[in-house]
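Each remark here refers to the structure printed beneath this line.
The values are calculated or read from the model by the stated rules, or taken from the named source; none is laboratory data. Because the structure is a prediction, the values reported are computed rather than measured. Note that each Cβ is placed from the backbone with ideal geometry, even for glycine, and that neighbours are counted across all protein chains shown.
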Amino acid sequence: MSIIKNLDLEYISSKINDSKRIIILEEIDSTNNYIKQLYQSDYNNEMIVIAESQTSGRGRLGRNFLSNKDSGIYMSYLIKPRLTLTDAAKITVLSCVAICVAIEKLTSVIPQIKWVNDIYINNKKVCGILTEAKTVKDKQIPEYIVIGVGINCYKQNFGIDLENIATSIEDETNKVISRNDLIAEIINNIDSYIKNDIDVIDEYIKHSFIIGKMVEIKQFDKSFMAKVLGITSDAKLLVESLSGEVLELSTGEISRVVIK
Ligand code: BTN
């Protein structure tokens with residue numbers, strides 16, 4: 001049976017365990033922007049928005065996320081979990097694991113996580129996650145959380161700036177997977193982890209490829225080299241700086257991993 005590459009609303013709906021509104025768009029600036037606007041104006045419930053392409057896909061720290069037409073999954077999942085703000089921070093970690101497990105199920109290749117929310121195969125990035133929450137003044141529970149997921153699925157032109165750092169699932173696994181199946185797997189994994197209150201930190205650590213490595217850490221406007229000692233149970237990065245200082249980081253990102 002040949003794999004269906006096209007996005008298929010009915011098929012995805014039939015595979016998702018808990019039914020919810022799903023919207024598929026041909027093109028949009030950013031599915032995260034769209035879903036937040038729709039929530040404000042029209043539909044204040046859980047939903048999923050998927051686009052065939054994005055003209056201004058957003059990444060973390062104000063970066064762009066390349067969203068070539070028909071080449072990947074550009075999806076936002078708006079959830080309304082009854083989590084405290086502290087627990088809401090775990091949604092990014094939980095989403096990373098949900099995506100790794102789903103990719104592994106479809107390709108038999110085990111992806112790896114670069115703290116905090118990038119997914120790699122063979123030392124190149126295949127997926128980024130941008131989680132955004134709406135908080136309500138004086139309330140301890142966020143009104144909603146948007147999990148924005150960008151996955152490079154098929155071979156495509158990444159352009160000169162990205163060709164050495166980005167890749168696709170097809171490039172690395174030689175498999176042309178069904179985006180419909182991958183989307184359904186990811187949503188079902190996220191839902192099941194939240195509903196059953198599953199702690200995914202051990203899986204997150206198992207998939208991490210930076211422990212024991214020298215990395216460059218970018219925090220605000222400064223960068224420094226450090227050795228990664230581990231990841232704590234609340235997903236903070238434990239590092240030792242070149243001067244021997246041990247730090248626990250909850251912000252910033254790893255801008256370079258020194259691979260020996
Ligand atoms: C990153 O790599 O820094 C995060 C990238 C997140 C991209 C996804 S694609 C769907 C959703 N809509 C956006 O504008 N961004 C996220």
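Where residues in segment 1-25 are among the small types (G, A, S) and in a helix (DSSP H, G or I), which of them is farthest from the ligand (Cβ to nearest atom)?
Per the stated criteria, the residue is S14.
If we scan segment 27-34, do we find a residue that is more than 17 Å from I147 (Cα to Cα) and under 21 Å from the mean Cα position of the chain (by Cα)?
Yes: one or more hits.
Got a sec? Which helices (runs of 4 or more DSSP H) wholly within segment 82-171 have at least 2 residues that are away from the ligand (no atom under 16 Å from the Cβ)?
85-88, 90-107
Of the residues that make up segment 46-66, is at least one assigned to a helix (DSSP H, G or I), under 30 Å from F220 (Cβ atoms), near the ligand (Cβ under 8 Å from one of its atoms) and of a type in the set (S, T, N, Q)?
Scanning segment 46-66 turns up no residue that is assigned to a helix (DSSP H, G or I), under 30 Å from F220 (Cβ atoms), near the ligand (Cβ under 8 Å from one of its atoms) and of a type in the set (S, T, N, Q).
Filter segment 128-185 down to residues that are touching a residue at least 60 places away in the same chain (Cβ under 8 Å) and of a type in the set (D, E) and give me whichever is farthest from K36 (Cα to Cα).
E172
I'm checking my understanding of the structure. Among residues of segment 26-45 that are part of a loop (DSSP other than H, G, I, E, B) and more than 8 Å from the ligand (Cβ to nearest atom), which one is modelled with the highest pLDDT?
N45
Considering only segment 240-247, I want to know if a residue exists there that is touching a strand residue (DSSP E or B) at 6+ places or on another chain (Cβ under 6 Å) and touching a residue at least 24 places away in the same chain (Cβ under 8 Å).
no
With respect to S71, determine if the residue is out of contact with any helix residue (DSSP H, G or I) (no Cβ under 7 Å at 6 or more places or on another chain), in contact (Cβ under 8 Å) with a residue 40 or more places away in the chain, small (G, A, S) and more than 9 Å from the ligand (Cβ to nearest atom).
Judged against the criteria, S71 is a match.
Quick one: D191 ticks every box in (1) buried (at least 20 other Cβ atoms within 10 Å of the Cβ); (2) in a helix (DSSP H, G or I); (3) away from the ligand (no atom under 13 Å from the Cβ) bar one, so which box is it?
(1)
Looking at segment 60-72, which of its residues are modelled with pLDDT of 95 or more and surrounded by 15 or more Cβ atoms within 10 Å (Cβ to Cβ)?
Passing the criteria: F65, L66, S67, N68, S71, G72.
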